[in-house]
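The values are calculated or read from the model by the stated rules, or taken from the named source; none is laboratory data. Just so we're clear, the structure is a prediction, and the values are computed from it rather than from any experiment. Methodologically, a virtual Cβ is constructed for each residue, glycine included, from the backbone with ideal geometry; neighbour enumeration extends over all protein chains shown.
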Amino acid sequence: MQNVRELMIKKAGEMLSSGEVYGVLAWERGDFACDQTPALFTSPESLSRLAYDEFTAPMLSKYLINEAKKPNEGKKVMVFLKPCDTYNFGHLLSEHKVERDRVYAVGVACSGIFSREKTLLEKCLACKGMEFHHCDEVIGGEGKITWDKLDRFAGVEMIESMTPSERFEFWRGELSRCIRCNACRNVCPVCSCVKCVFDNPGSGVMSKSNADEFEENMFHIIRAFHVAGRCTDCGECSRVCPRNIPLHLLNRKFIKDVNALFGPYQAGASLDDASPLTSYSVNDPEPGYKDKAKGGERVA
């Protein structure tokens, strides 16, 4: 990705020098070679720190919520988005969390992101595709999937095949490892409420580790319901979890059900598509029906 990095630095330098943008959201090298971290660059000279390689995992779209609100004399903020992150950007635009005319979005080619163990991340193995959405321009062209893709719903179907008691024990085992660090919530582009329900001092669960089994279940189940129909399946929740809980499986279950009930839907792909669970019109099909050109077809 070295050539892509050089093109990124050139473009960012041009935009900063022209004064069209006040800053550039990109990545810089962290403490370790496999640890690239989000950063805001505000001068052409600072771009020597810009990093982009197969370990550049963090997505940047959520940082736009605060950056795009800064006055900065009406100047835009520039952001680099990998293909999967363009869905997150689209979601934020659709919910008016970010104003489009305050952002200059540049898509950057991706060839898959690796973990520190030098294996492809699960979300890359189940990649939705290398297409870009909502970008002003693209650098490096579209990437290519050169690996055997996983069926992203295979894990969900495996859990669906379990008995109710087996599913309960599976999730009890996984969620019991949660330390309530809030990394999954903080990285999620859909979790962008001004005040999170779990930050309510009257809730009894504010910023604390789980005290019992109920709290272990409650946090993740409620969060999954909050992002249902809105999750872009970017996989960041599972990537940042220090306890390796497969949180993406909860979200993919909702995605799979939404597709079955309302027809194929990809959150963040189009600003014209109504979100199945947060939109209403008098022509909506009844729950349990798949929308068709002629009426509805019952879904079991």
Subject >> Enumeration of residues in the stretch 13-34 that are surrounded by 11 or more Cβ atoms within 10 Å (Cβ to Cβ) and of a type in the set (A, V, I, L, M, F, W, C) >> reply: Met15, Leu16, Val21, Val24, Leu25, Ala26, Trp27, Ala33, Cys34
Original post:
With respect to the numbered conditions (1) small (Gly, Ala, Ser); (2) under 23 Å from Arg252 (Cα atoms); (3) at pLDDT 95 or above, which one is the sole condition not fulfilled by Ser46?
Top reply: (2)
Original post:
Could you say whether any residue in the stretch 145-163 is β-branched (Val, Ile, Thr) and assigned to a helix (DSSP H, G or I)?
Top reply: yes
Subject >> Criterion violated by Ile65 - all others in (1) over 23 Å from Gly129 (Cβ atoms); (2) crowded, with 20+ Cβ neighbours inside 10 Å; (3) β-branched (Val, Ile, Thr) satisfied >> reply: (2)
Original post:
Which pairs do you get when a residue that is in the same structural domain as Ala267 (by TED's automatic domain parsing), found in the stretch 73-88, comes within reach of a residue that is among the hydrophobic types (A, V, I, L, M, F, W, C) and in a strand (DSSP E or B), reach meaning Cβ atoms under 7 angstrom, with the pair 6+ apart or on two chains?
Top reply: none
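Quick one: would you say Asp53 is more than 21 Å from Gly90 (Cα to Cα) and either assigned to a helix (DSSP H, G or I) or touching a residue at least 40 places away in the same chain (Cβ under 8 Å) (or both)?
Details: more than 21 Å from Gly90 (Cα to Cα): yes; either assigned to a helix (DSSP H, G or I) or touching a residue at least 40 places away in the same chain (Cβ under 8 Å) (or both): yes.
The answer is yes for Asp53.
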Original post:
Which one is surrounded by the most Cβ atoms within 10 Å (Cβ to Cβ) among residues in the stretch 125-175 that are among the basic types (Lys, Arg) and touching a residue at least 12 places away in the same chain (Cβ under 8 Å)?
Top reply: Arg152
